[in-house]
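Working notes for the structure below.
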Amino acid sequence: MRPAPPALALVLTAVVVAASCSDANREGPDVTCEDLECGRVNACEQGIIASCVDGTNVRWHVCSLPESCEAGWQIPGQYRCGEDFTDCEGCRPERELGCGEGGFGPYGGGGAGGGA
């Protein structure tokens with residue numbers, strides 16, 4: 001039997017590498033800061049936590065384990081990558097008003113202001 005031509009070997013290698021990379025890809029939650037109540041809660045999907053730390057921009061944090069979102073110790077809206085972590089990766093439960101008046105984001109005041 002003849003050895004495979006180098007071009008064929010390269011194509012086969014590329015196919016194997018592409019397949020293994022796509023298996024490792026994960027997609028996090030498709031959310032906005034408004035969905036996350038401008039940082040009052042966070043969301044988790046496939047081991048990726050979405051949070052709105054600044055009240056305006058969504059940030060994603062990739063956990064090492066894809067199944068971490070489904071762990072029995074998770075608290076919905078306060079997701080974290082590990083049971084022993086004290087930070088819930090950006091959730092801000094103290095932001096009781098969320099995006100509404102007096103909260104953060106496009107509908108609330110989050111900056112310094114003056115009074116009349």
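Would you say Val31 is in contact with a Gly (Cβ under 7 Å, 6 or more places away or on another chain) and either outside any helix (DSSP H, G or I) or aromatic (Phe, Trp, Tyr) (or both)?
On the way: in contact with a Gly (Cβ under 7 Å, 6 or more places away or on another chain): no; either outside any helix (DSSP H, G or I) or aromatic (Phe, Trp, Tyr) (or both): yes.
The answer is no for Val31.
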Exercise. Taking segment 64-79 on its own, how many of its residues are more than 21 Å from Thr32 (Cβ to Cβ) and surrounded by 10 or more Cβ atoms within 10 Å (Cβ to Cβ)?
Worked result: 7
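Where a number appears in this text, it was derived from the coordinates with a stated rule and is not lab data. The structure presented is a predicted model; accordingly, all values stated were derived computationally and were not measured. Because the Cβ atoms are built from the backbone with ideal geometry, glycine has one as well, and the counts that use them run over all protein chains shown.
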